[in-house]
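The values are calculated or read from the model by the stated rules, or taken from the named source; none is laboratory data. Here the structure is a predicted model, which is why all the values come from computation and not from measurement. So basically every Cβ, Gly included, is an ideal-geometry build from the backbone, and we count neighbours across all protein chains shown. Keep in mind that these areas ignore ligands, DNA and RNA; they rest on the heavy atoms of the full protein, side chains included. Shrake-Rupley method; radii C 1.70, N 1.55, O 1.52, S 1.80 Å.
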Amino acid sequence: MQGDVGAQSVAAGNVLDVTTMNDTYVTNEQYASTVNISSSLSSNVKNVGGSVGLQSQAVCNSASISTDPTTTQIYSNQECMAQDPSSTINSVAQNIGGDLSIASSALGNSFAADSNAPNMPVETHQINHSSTYSTVNASAYNVNGSVGVSSAAIGNNAQVIHYSTDQ
């Protein structure tokens with residue numbers, strides 16, 4: 001095969017994405033209690049002329065809020081009671097003409113907010129009772145480009161970005 005190969009696997013309990021250009025008041029309540037939230041990708045890739053990208057991600061609760069008004073107020077409460085958000089990649093890659101990229105990630109709770117509103121109060125609570133696992137089992141042979149492999153298991157993650165409104 002002369003082109004590129006890409007494969008993805010994703011599992012999620014709760015996902016919220018809010019984007020507005022108005023004064024915004026967001027209340028987010030996420031609770032996941034399923035037995036497991038599991039993403040698994042297995043591959044055997046051979047004789048690829050281009051690059052290969054493999055990704056697997058599992059997330060229990062995820063919220064992303066982006067607003068650009070005068071006032072943004074955010075309250076977020078996330079609780080993961082799932083047995084295990086887990087992400088697994090099992091891969092064999094042979095005779096790859098380009099690059100090989102393999103990335104696995106598992107997250108209990110993930111929260112991100114950004115705004116350029118002059119007023120931006122944010123309150124976030126995250127509780128992760130789950131076991132969080134990320135696993136990569138990979139073999140690579142005859143790769144002409146670079147090889148990158150990553151695996152991350154994160155219980156709670158929060159990012160708040162407040163852009164300056166000064167000119």
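Can you work out which of the residues in the range 87-102 that are in a strand (DSSP E or B) and open to solvent by 30 Å² or more (accessible area, probe 1.4 Å) is nearest to Ser38 (Cα to Cα)? Talk me through it step by step, then tell me what you get.
Filtering the range 87-102 down to residues in a strand (DSSP E or B) leaves 87-96, 100-102.
Keeping just the survivors that are open to solvent by 30 Å² or more (accessible area, probe 1.4 Å) gives 88, 90, 92, 94-95, 101.
Details: Thr88: 8, Asn90: 14, Val92: 21, Gln94: 27, Asn95: 30, Ser101: 21 Å.
By that ranking, first place goes to Thr88.
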Could you grab the pairs with beta carbons closer than 8 Å, sequence gap of 6+ or different chains, first residue in the range 9-21 and among the small types (Gly, Ala, Ser), second one part of a loop (DSSP other than H, G, I, E, B) and open to solvent by 40 Å² or more (accessible area, probe 1.4 Å)?
Gly13/Thr34
Under 8 Å between Cβ atoms, at least 6 apart or on separate chains: pull out the pairs that start in the range 26-37 with a residue that is without any contact (Cβ under 8 Å) to a residue 60 or more places away in the chain and β-branched (Val, Ile, Thr) and end on any residue that is in a loop (DSSP other than H, G, I, E, B) and surrounded by fewer than 17 Cβ atoms within 10 Å (Cβ to Cβ).
Thr34/Gln83; Val35/Gln83
Just need a number here: residues in the range 102-129 that are within 15 Å of Ala11 (Cα to Cα) and either at pLDDT below 95 or touching a Cys at 6+ places or on another chain (Cβ under 6 Å) (or both).
2
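Which residue, of Tyr75, Tyr141, Tyr133, is among the aromatic types (Phe, Trp, Tyr), open to solvent by 30 Å² or more (accessible area, probe 1.4 Å) and under 15 Å from the mean Cα position of the chain (by Cα)? Give the steps one after another, and end with the answer.
Working: Tyr75 fails: under 15 Å from the mean Cα position of the chain (by Cα); Tyr141 fails: under 15 Å from the mean Cα position of the chain (by Cα).
Result: Tyr133 is the single residue among Tyr75, Tyr141, Tyr133 that is among the aromatic types (Phe, Trp, Tyr), open to solvent by 30 Å² or more (accessible area, probe 1.4 Å) and under 15 Å from the mean Cα position of the chain (by Cα).
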Matching residues, the range 20-52, being within 30 Å of Pro118 (Cβ to Cβ) and of a type outside the set (A, V, I, L, M)
Thr20, Asn22, Asp23, Thr24, Tyr25, Thr27, Asn28, Glu29, Gln30
Give just the number: which of (1) in contact with a Phe, Trp or Tyr (Cβ under 6 Å, 6 or more places away or on another chain); (2) open to solvent by 10 Å² or more (accessible area, probe 1.4 Å) does Leu41 not satisfy?
(1)
Could you figure out which of (1) assigned to a strand (DSSP E or B); (2) open to solvent by 50 Å² or more (accessible area, probe 1.4 Å) isn't true of Thr165?
(1)
So Leu16, is it under 19 Å from the mean Cα position of the chain (by Cα), open to solvent by less than 100 Å² (accessible area, probe 1.4 Å) and within 19 Å of Gln78 (Cα to Cα):
yes
